[in-house]
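Asks: Handing you a structure now.
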Amino acid sequence: MRYLFALRSRMTEVRQKTDFLRKEMEFSVNEVSSSEFPVIRRGVLKLRGQSGQECQVETPGCFFHTHFGSIPHLTPDDLQYVKDSLSCIPLNMTLSTASVFADALAGYEKSVGAFVGYPSSVVYMSLHDPLVPLKPAMNEKATIGIWNRTGKKKLTPEQFMDMQDKLKPDSVQIMCDMDTEMEGSSNQRLTKSYDSSLRWLDRCLELMKDRSSHYPVLATVGGGSDPWRRKNFCLEAANRKVDGFVIDGFGSGWIAKWKEWEVTGSSLFGPHEALIRESIRSLPKDKPRFIHAPLSPTAVVQLVRMGVDVFDTSYPAALADRGQALIRTGDFCFEVWTMSEKGYFDDLTSLSTRCGCYTCEKYTRAYIHHLIACEEINAGVLLMIHNLNEYLKFFRDIRKSMDEGKFHLWMPQAEAGRQQADRD
Ligand SMILES: [Zn+2]
């Protein structure tokens, strides 16, 4: 009896060691540089979920942005109309919204993906919803502040890891103090942000050693808007045992500013461009770099040129929220159309004549205009189906152009966007 118990214990130990050695995230990437651009990266990110589900993301590529676990405007069944199925696009959940149902999942044996209706999806848990501006004064010395519909929830690293244990995602963005302003943060605040972020990163990595579940973790590259701190933070984070990096920590005005830039059309990076370049230059080449923000195709091209690998679909969702369609007007050109405008009232053309998605095959601009005028929820559904198809095709085309050595053809549009931003 004692022998059997000992054997069972040993088997458990071996299984745990095997699980720990199993690679849940593998990234292979090739870097190419030329006279037209300093470096571009073409890669493959392989992910394996805790329930055994697998997916492979070609990079540059994107994860599905979700809100409270759902892809905005769509049910899981609606995804049959989106090319590139969920089998190869992971869900990007955010802790700020998932924290609401974390306690309910404590006794749930299935994955968080199964809980929200996507049982075969790999789930990545990032910190904040890129479509919700960060509220200031989020963090304290020992805690990060997570805002959800119940208010502010304070989390120590221990509580942060406990919450991840309840949610059981397949990869995690480690907590970071982003409570700085884009401009004008005091040295004291920047120092506290820097110190807290590194301390929390180390504590979370230490806590992970004692956990039964092991999943890939991404370090958030902090340092605020100070170039020296940002460079040093990247160098420090690069020395930790992490699986990738999130380029963020630009301050509480970062996401709000993104939205403003997108609305005005001057969508590039202003003072942040040098900071992003500095961050990326200091990171190891063999690990994926993520960024979470609603990014237009022009902005994505710029960031790909700087060496970012993974994005999300918050941009097509933001457009659908506003009744707007992402329309491809040329091989390398896009426009955003506001479908409530009067000109679409009797326009019986397909939404986009260049797109073959479900929405464009079956519906006219006039019908979508009518749905918006009547505040019918199907307007968001049809626009989201189209916007997602258009955005995902854009990523496929970027990768194809890299494979064919033609990425430079995207640059005139990105350069035009940059010059417009400089003029503004
Ligand atoms: Zn379409």
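The values are calculated or read from the model by the stated rules, or taken from the named source; none is laboratory data. Only a predicted model underlies this, so the values are computations on that prediction, with no experimental measurement involved. Backbone-built Cβ (ideal geometry, glycine too); neighbour counts: all protein chains shown.
Asks: Under 6 Å between Cβ atoms, at least 6 apart or on separate chains: pull out the pairs that start in segment 148-167 with a residue that is surrounded by fewer than 17 Cβ atoms within 10 Å (Cβ to Cβ) and end on any residue that is hydrophobic (A, V, I, L, M, F, W, C).
Replies: As it stands, the answer is 156/142, since those pairs meet every condition given.
Asks: Only one residue in 382, 388 is more than 25 Å from residue 407 (Cβ to Cβ), in a helix (DSSP H, G or I) and among the hydrophobic types (A, V, I, L, M, F, W, C), so which one is that? Full working, then the answer.
Replies: Details: 388 fails: more than 25 Å from residue 407 (Cβ to Cβ).
Selected residue: 382, the only one of 382, 388 that is more than 25 Å from residue 407 (Cβ to Cβ), in a helix (DSSP H, G or I) and among the hydrophobic types (A, V, I, L, M, F, W, C).
Asks: Of all residues in segment 214-227, count the ones that are closer than 29 Å to residue 110 by Cβ, in contact with a Lys or Arg (Cβ under 7 Å, 6 or more places away or on another chain) and part of a loop (DSSP other than H, G, I, E, B).
Replies: Result for segment 214-227: 0.
Asks: Search segment 211-240 for residues being surrounded by 15 or more Cβ atoms within 10 Å (Cβ to Cβ) and touching a residue at least 60 places away in the same chain (Cβ under 8 Å), and hand back the single one that is nearest to residue 287 (Cα to Cα).
Replies: Only one residue fits best here, namely 218.
Asks: Restricting the first residue to segment 340-354 and requiring it to be among the acidic types (Asp, Glu), which pairs with a second residue that is within 16 Å of the ligand (Cβ to nearest atom) meet a Cβ separation below 8 Å and a spacing of at least six or different chains?
Replies: 341/369; 346/366; 347/364; 347/365; 347/366; 347/369
Asks: Got a number for residues in segment 67-103 being among the small types (Gly, Ala, Ser) and part of a strand (DSSP E or B)?
Replies: Qualifying residue count, segment 67-103: 1.
Asks: Next question. For segment 20-33, give me the residue count where each residue is at pLDDT below 70 and either among the β-branched types (Val, Ile, Thr) or under 21 Å from residue 289 (Cα atoms) (or both).
Replies: Count: 1.
Asks: Consider segment 362-386. How many of its residues are in contact with a strand residue (DSSP E or B) (Cβ under 8 Å, 6 or more places away or on another chain) and more than 8 Å from the ligand (Cβ to nearest atom)?
Replies: Here the count works out to 5.
Asks: Quick check on segment 328-335. Is at least one of its residues at pLDDT 95 or above and surrounded by fewer than 19 Cβ atoms within 10 Å (Cβ to Cβ)?
Replies: First, pick out the residues of segment 328-335 that are at pLDDT 95 or above: 328.
This time we only want the ones that are surrounded by fewer than 19 Cβ atoms within 10 Å (Cβ to Cβ), so: 328.
Within segment 328-335, one or more residues are at pLDDT 95 or above and surrounded by fewer than 19 Cβ atoms within 10 Å (Cβ to Cβ).
Asks: Another question, if that's okay. Need the failing condition index for residue 356 against (1) under 22 Å from residue 75 (Cα atoms); (2) within 15 Å of the ligand (Cβ to nearest atom); (3) not in a loop (DSSP other than H, G, I, E, B), just the number.
Replies: (3)
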